[in-house]
Amino acid sequence: MNSIPVITLDGPGGVGKGTLGRLLARDLGWHLLDSGAIYRALALAAQRAGLPADNAVALSELARTLPLSFRGGADETHVLLAGDLVDAEIRSSEISALTSQIAAIPAVRAALLQRQRDFRQAPGLVADGRDMGTVVFPDAPLKVFLTARTEERGKRRLNQLMEQGISASLATVVAEIAERDARDQQRSVAPLRPASDARLLDTSEQSVSDTYRVLQSWVQSAFQEN
């Protein structure tokens, strides 16, 4: 087992992984891995290069050479692709859909695996994603799988889009979320599911502060025991 501790936060979109991960990394003074940003940046790079989502060979090669970097810390991390700030672009609905398709390709996941594991640096890492506890960091001392009702997640996503000045209907957003959930859960490699030893946390009816308090208690308990 690697001596550097990891806390994994897995689950579908809209459950609060990103917010909770940033809070936890900041308060612990640990590094933060937003694995979704890596896959989203790859999807944007593929779109810019005109690569179709079913070209596994070209996409896996692009994943291996992706000119991706991060700037900032746990409080505010910015994503740069070939030196360009792409925070807003990688969060669009179009890139979200393309990301889900590309992430289902086994060769792409294999190409990005070590890149994600390289984030494991002292004093510790908070890893946010969909297969952090099952594939990327299976030895993590604390694994959390977050859930929330699809409609509640749709409302959260719609609010994000409205803040960006993007108009959409709740029905459309919910349908897109349900479609991505199905794709992520049914993919042949690293499907979206809790690790066998993960702790489940439903955020549907909880505020961020309430959810974070639960998470903090689990962290304290896990690292007292280890």
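The values are calculated or read from the model by the stated rules, or taken from the named source; none is laboratory data. A quick note: this is a predicted structure, and the numbers were derived from the prediction, not measured. Cβ sites come from the backbone with ideal geometry, for glycine too, and all protein chains shown count toward neighbours. Accessible surface areas use protein heavy atoms only, side chains included; no ligands, DNA or RNA. Shrake-Rupley method; radii C 1.70, N 1.55, O 1.52, S 1.80 Å.
Data overview
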read-out: Total residues in the range 77-88, condition farther than 17 Å from G13 by Cβ and out of contact with any Asp or Glu (no Cβ under 7 Å at 6 or more places or on another chain); value: 7
read-out: When residues of the range 192-211 are limited to those that are without any contact (Cβ under 8 Å) to a residue 60 or more places away in the chain and open to solvent by less than 20 Å² (accessible area, probe 1.4 Å), the one farthest from V136 (Cα to Cα); value: S204
read-out: Long-range neighbours under 8 Å by Cβ, at least six apart or interchain, first residue buried (at least 22 other Cβ atoms within 10 Å of the Cβ) and among the β-branched types (V, I, T) within the range 139-152, second assigned to a loop (DSSP other than H, G, I, E, B) and at pLDDT 95 or above; value: V144/A198
read-out: Total residues in the range 155-167, condition of a type in the set (A, V, I, L, M, F, W, C) and open to solvent by 50 Å² or more (accessible area, probe 1.4 Å); value: 2
read-out: A140 vs. criteria at pLDDT 95 or above and outside any helix (DSSP H, G or I); value: yes
read-out: From L112, L23, L32, L98, residue being more than 27 Å from D139 (Cβ to Cβ), in contact with a Leu (Cβ under 9 Å, 6 or more places away or on another chain) and of a type outside the set (G, A, S); value: L98
read-out: Conditions (1) under 22 Å from A104 (Cα atoms); (2) touching a helix residue (DSSP H, G or I) at 6+ places or on another chain (Cβ under 6 Å): number failed by F145; value: (2)
read-out: Breaking point among (1) assigned to a helix (DSSP H, G or I); (2) of a type in the set (S, T, Y); (3) under 16 Å from S93 (Cα atoms), for S167; value: (1)
